Amino acid sequence: MDTLALRPTPRRPIWVMRQAGRYLPEYRALRKRHAFKEMVETPALAVEVTLQPMRRYGLDAAIIFSDILVLLAALGVSYEIVEDKGPVLARSIRTAEDFESLSHEPVTDSLGYVYETLSILRKELPPEVALLGFAGAPWTLASYAIEGGNSKGGFSAIRVLLDSDPALFGKIMDRITDGVIDHLQAQLANGADAVQLFDSWAGMLNEADFRRAALPYLKRIAVELEPGPVIFFPKGASQWLTKEEVDQFKILGVDGSQSLGFYREKFGQDFVLQGNLDPAILITDMQTIRTEARAVLDSHGSQPGHIFNLGHGITPDVPPDHMKALVAAVHEHTFKETT
Ligand code: CP3
């Protein structure tokens, strides 16, 4: 939490996206006995999965085990995670009738399991460990809603809707944005110290379309969730942001396409940066992991305001020992910084 306030810390904090998941044998063991959705919706199981990487690695933040798709379920579009296929939604939202059929109940009414999981976690975790909630960003959630699940065709349906019926596109986006704000607010009220907004598909857009179709909704969240804190992660698009936009977001998660030094040089010191080791490095070997982790740390420099993370989620093929080596490399290196 000190890092989020740009205060110096005894060591650089680290957590990684998707830290609770399939690369951990203890996750796979539990997953054999329970469906993904059951794990997400049962607080005792979601608490257990959230804590699995914390026990192994001593990370500085825990991110609640949940999914971005729970919000679509709360809006009336249920999902399933299908083995080797990813998310499949019960229906898609493409027409005015589809839009009208979305639930009118407050999303928080059906997401009580998320808030209960967070309140249990806040009590179980030591106070110095940050607890993170999250949601999908409107563009990324709309991509799934309009497509009806994972897209093989590069999310063509949402791209078509954006041009063929911008008014309907805007209505769908506004509705999702309202839900995201309510869901994030409720997570902050129930024990989350900060929340991350995953715009995982922002980089599918070109810069002009990102500004038209994704950014206005991110800005609305930044304004309405004041004082946050919200970690904005517009994957593949952060290099397009202006200084004013970064000042508005305050905390920016970045992928590995540009160095942290690039962002510091472009936007100055007055915001928090999170990232950005290439997840593929975790599959290499211990020495490469240490060298590359150090390169990320050095690229940022030793001033406060850096949360170490990957540029995207950890992949299921990472050996658990490699993750341990990464945490050790980050903690050892940065401990020297302030002593
Ligand atoms: O970071 C964490 O450890 C917290 C848990 C978390 C999950 N999903 C658990 C999960 C988080 C933060 C997410 C976010 C999420 N979900 C995103 C944005 C992050 C990103 O990586 O870009 C997206 C796009 C989704 C949608 C989703 N959920 C997909 C595409 C898939 C299947 C493919 C995959 O990556 O595994 C899921 C399922 C899912 N969500 C799993 C986990 C651990 C695997 C499910 C299983 O056990 O079969």
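Values quoted throughout were computed directly from the atomic coordinates according to the rules given, and no laboratory measurement underlies them. Note that the coordinates shown come from a computational prediction; the quantities given were computed from them, not determined experimentally. Here Cβ is always computed from backbone atoms with ideal geometry, including for glycine, and neighbour counts include all displayed protein chains.
List of remarks:
- Taking the Cα centre of the chain as origin and assigning +1 to Lys and Arg Cβ atoms and -1 to Asp and Glu Cβ atoms, the resulting dipole is close to 700 debye.
- Here the calculated FRET efficiency for Ser156 and Glu244, from their Cβ-Cβ distance with R0 = 30 Å, stands at 0.40, rounded to the nearest 0.05.
- Proximity of backbone amide H atoms, modeled 1.01 Å from N, is registered between Gly253 and Phe232, Phe233, Gln274 at under 5 Å, excluding neighbours fewer than 5 places apart on the same chain.
- Extension gain, Gln258-Glu207: 0.36 nm per intervening residue step, less the Cα-Cα distance, totals 16.8 nm.
- Distance (nanometres) between label positions extended 7 Å along Cα→Cβ at Ala5 and Asp163: 5.0 nm
- Lys, Arg +1 and Asp, Glu -1 on Cβ, resulting dipole of the stretch 166-282 about Cα centre, debye, nearest 20: 200 debye
- Max-minus-min Cα coordinates of the chain on each principal axis give 61, 47, 36 Å, with the largest extent listed first.
- This model, with +1 at the C-beta of Lys and Arg and -1 at the C-beta of Asp and Glu, gives the stretch 202-339 a dipole about its Cα centre of some 180 debye.
- Residues whose amide H comes within less than 5 Å of that of Gln196, counting only those at least five positions distant or on another chain, are Gly133, Phe134, Ala135, Ile231 (H built at 1.01 Å from N in the peptide plane).
- Top of Arg18, Arg264, Arg33 by mean-square fluctuation, Gaussian network on the chain, Cα under 10 Å: Arg33
- Local electrostatic count at Glu128 - Lys and Arg +1, Asp and Glu -1, tallied over other residues with Cβ under 10 Å: -2
- For a modelled paramagnetic label at Asp321, 7 Å from Cα along Cα-to-Cβ, the residues of the stretch 17-32 in reach, with backbone nitrogen under 18 Å, are 23-26.
- Folded to 0 to 90 degrees: helix 166-189 orientation relative to the chain principal axis, Cα: 50 degrees
- Nonlocal amide H pairs with Gly149, under 5 Å, H built at 1.01 Å: Leu89
- Within a Gaussian network of the chain (alpha carbon springs, distance under 10 Å), most fluctuating of Ala142, Ala325, Ala35: Ala35
- For the chain, the residue among Leu188, Tyr23, Phe232 whose Cα projects farthest onto the positive side of the dipole built from Cβ charges is Tyr23.
- Annotation for the stretch 30-119: GluC sites (Glu not before Pro) lying in DSSP loop with at most 14 further Cβ atoms inside 10 Å of their Cβ are Glu83.
- Ordering 69-79, 253-263, 202-212 by mean Cβ neighbour count within 10 Å, with the highest value first, yields 69-79, 253-263, 202-212.
- Rounded to 10°, Cα long-axis angle of helix 286-300 versus longest principal axis of the chain: 80 degrees
- Segment Glu80-Glu124, extension gain: residue separation times 0.36 nm, minus the distance between their alpha carbons: 12.9 nm
- Against the main long axis of the alpha-carbon atoms of the chain, helix 112-124 sits at an angle near 10°.
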